[in-house]
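Shown next, in structure tokens, is the structure this report addresses.
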Amino acid sequence: MDHGARLPSEEVTDLIQRQMNHFPALEEGAEAIRREAGLEGEDLFQGLSRYLEKAHGIQVRIEKVGAMRGAMRRFLPERRELVLSELLRRGSRNFQLAYQVGRLTQSAALESVSRDRLLTTEDSRALCRVALANYFAAAVLMPYRPFLEAARSERYDIELLCHRFRASFEQVCHRLTTLRRSGTEGIPFHLIRIDIAGNISKKFSGSGIRFARFSGACPLWNVFAAFLTPGMFRVQTSRMPDGTAYFSVARTLRKETGGYHSPHPMEAIEIGCEVRHARELVYADGVDLENLDAAVPVGVTCRLCERMDCEQRAFPPLHYPLQVDENVRGVNFYTPVGGRG
């Protein structure tokens, strides 16, 4: 395999996937910081700001958007100052403080993981350290055991978890995929994030579902339909060509990046699991999970999917010879009537 041709983001994604998106050393580090900083029952922004000042001599300051010159967070080590944009909401401010704490206190763990052989360039290793510091931040905001207990008691109601832990929708979804501690595991979720053009910017599979490394994903996944109903939840029961059934929830995310003249990009995120876990989720209430004949037939991507009778097929599959009948038109351009179905 030619590792030199791979993007740093792909290498980091593969490393996280191999670790099943769970890093015990960072979980332990987050729990230790919560004890050391006295964050239990404390306003996180005040508690983390106080910890940064007392333990590391770093002052936290909120700055106007114009002075930030496009940055959301700017750490100035020579001035011992952490500057946050006024655009960041309460939960995001807490997250950025926790991220900085991770960078300052978890360097051994960050360096240890980033030296993995899967990472072949310094860019990959730097990106890995950022991803791991983000992981640490989420573990500080949403400590493992309390978060898992809340998720189970509220049947994985993401909005309730957002309010309880002062975290964003995406942060909660991502944290749910990390609950893989031996003996106290949460539901094995998969997660995917796309933009309106179909570009996949984040993916992880704890459920076993396969994602395409290149090209677009299957357009029948509900993460694409989420753009039709911005801000609303879309639930879906789907079935892959091998017969494995999944249950998923998708919703759009709108980024607040500035004022009236700033772009407001929209993305969609999907979180899902094997259908055998679906009853544990509040989103499955009223859904017929027994009749899998009604599940949406999906695939990984057109070029790898064997469903020749799919009306959404955009490309011919790689593993079947292309057969074009100039006199007959099937449900798609690549499946003439009487062809493989």
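Every number here is computed from the coordinates shown, using simple stated rules; none is lab data. The shown structure was predicted, so the numbers you read here are calculated from the model rather than taken from an experiment. Heads up, the Cβs are rebuilt from the backbone with ideal geometry, glycines too, and the neighbour counts pull from every protein chain shown.
Points to keep in mind about this one:
- In degrees, nearest ten, helix 90-105 long axis to first principal axis of the chain (Cα): 70 degrees
- Relative to the dominant Cα principal axis of the chain, helix 122-141 is inclined by about 70°.
- Surface/4 of the Cα convex hull for the stretch 120-208, nm²: 7.2 nm²
- The percentage of C-alpha pairs in the stretch 1-141 whose separation is greater than 19 Å is 54%.
- Per-pair calculated FRET efficiency, R0 = 51 Å: residue 292 and residue 108 via Cβ, rounded to 0.05: 0.60
- Distant alpha-carbon pairs in the chain (separation over 36 angstrom), percent: 26 percent
- A protection proxy built from the mean count of other Cβ atoms within 10 Å ranks the segments 271-278, 260-267, 226-233, 191-198, most packed first, as 271-278, 191-198, 226-233, 260-267.
- Report note on the peptides 132-142, 11-21, 180-190: ranked by the mean count of other C-beta atoms within 10 Å, highest first, their order is 132-142, 11-21, 180-190.
- Over all other residues within a Cβ to Cβ distance under 10 Å of residue 230, the charged ones net out to +2, with Lys and Arg as +1 and Asp and Glu as -1.
- Ratio Rg/Rh, restricted to the stretch 62-197 and using Cα atoms, in which Rh is the Kirkwood radius: 0.99
- Packing order of peptides 280-286, 219-225, 24-30, highest average first: 219-225, 24-30, 280-286 (average count of other Cβ atoms within 10 Å over each peptide's residues).
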